[in-house]
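Quick notes on the structure that follows.
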Amino acid sequence: MLADQPAEARRAQSPQSVTRVIRILEALCASPAPLSLADLSRLLGTPKSSLAALLRGLADEGFVAAADGAWRLGPGAFGLGSALAEARRRFASSDLIRDGLRRLAERSGETVLFAVADDDGERLTYVDVIESRNAVRFAVSIGDRRPLHATAGGRALLAAGPEAAASAYLARLRPERFTAATLVDPAALAREIAAIRAAGVAQTVDQAAEGVTGTAVAIRDAAGAVVGALVVAAPSSRSADRLEELARLVGEEGATISRSLGFRGLG
């Protein structure tokens with residue numbers, strides 16, 4: 001218990017010490033040169049005795065380092081900074097993608113999903129969804145997984161990736177038939193993926209489920225890496241007369257999202 005610990009240790013674990021740790025790191029981050037204990041005490045308005053214990057703890061974890069009688073940021077702080085920058089990038093990307101899903105749902109009137117390829121390279125997982133407001137609509141839950149070969153999102157991901165990876169996938173594929181229309185011939189699937197690669201948009205009708213039409217494009221980030229697939233899923237009965245329109249809408253919004261993530265084109 002805290003009452004059994006030395007006074008210095010109790011002070012170092014108090015809520016106030018958390019604020020002081022943050023202020024120490026902020027001060028060192030803002031300073032172009034290492035700061036002495038006296039400098040930090042003056043800048044933070046905190047007794048040197050209180051700061052010394054905190055600095056020793058930070059040094060033990062590699063967040064600060066002694067430098068000729070002064071203190072500077074340590075490797076742990078830079079590692080944390082990189083992690084925070086990556087977290088900010090991911091959160092910002094998620095927001096931008098989510099905004100695109102909302103726009104596409106509004107424009108199309110249909111359910112819109114974002115899918116990412118699983119690590120095993122065999123399936124995709126739906127990680128975000130905006131459901132259609134129509135009473136009859138395609139329903140899917142976040143976390144649902146689907147095979148690549150029978151979904152518009154999966155085919156879009158295969159077409160956007162390296163040709164060698166798509167060929168390797170088809171070579172090991174033992175395709176499952178989900179409906180009478182499901183394409184299961186590897187050679188035919190290879191031709192379909194090649195056509196999607198040329199067109200930039202994948203479209204499936206009654207492939208993974210009876211009565212469902214999917215339209216999808218791959219989304220890329222600033223480095224050109226594929227981060228997932230944007231998918232519109234709609235009842236086939238409502239989509240038959242608007243396949244071209246859905247392909248156009250998905251293509252336009254997919255390009256907008258990729259640009260917002262920093263993608264400026266391949267090659």
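Only the coordinates and a few stated rules stand behind these numbers; no lab work does. In this text, all values refer to a predicted model and were calculated from it rather than measured experimentally. Neighbour counts run over all protein chains shown; Cβ positions are idealised from the backbone, glycine included.
Odds and ends about this structure:
- Counting only Cα atoms, the size of the chain along its three principal axes is 77, 42, 37 Å, in decreasing order.
- The chain, helix-only ellipticity at 222 nm - DSSP H runs n ≥ 4, -39,500 (n - 2.57), divided by all residues, nearest 500: -15500 deg cm²/dmol
- P(r) tail, segment 40-199: Cα-Cα pairs separated by more than 20 Å, 68% of all pairs.
- At least 24 Å along the helix axis (C-alpha) and Kyte average at least 1.6, DSSP helices within the chain: none
- Relative packing of 149-158, 98-107, which averages over residues the other C-beta atoms within 10 Å, highest first: 149-158, 98-107
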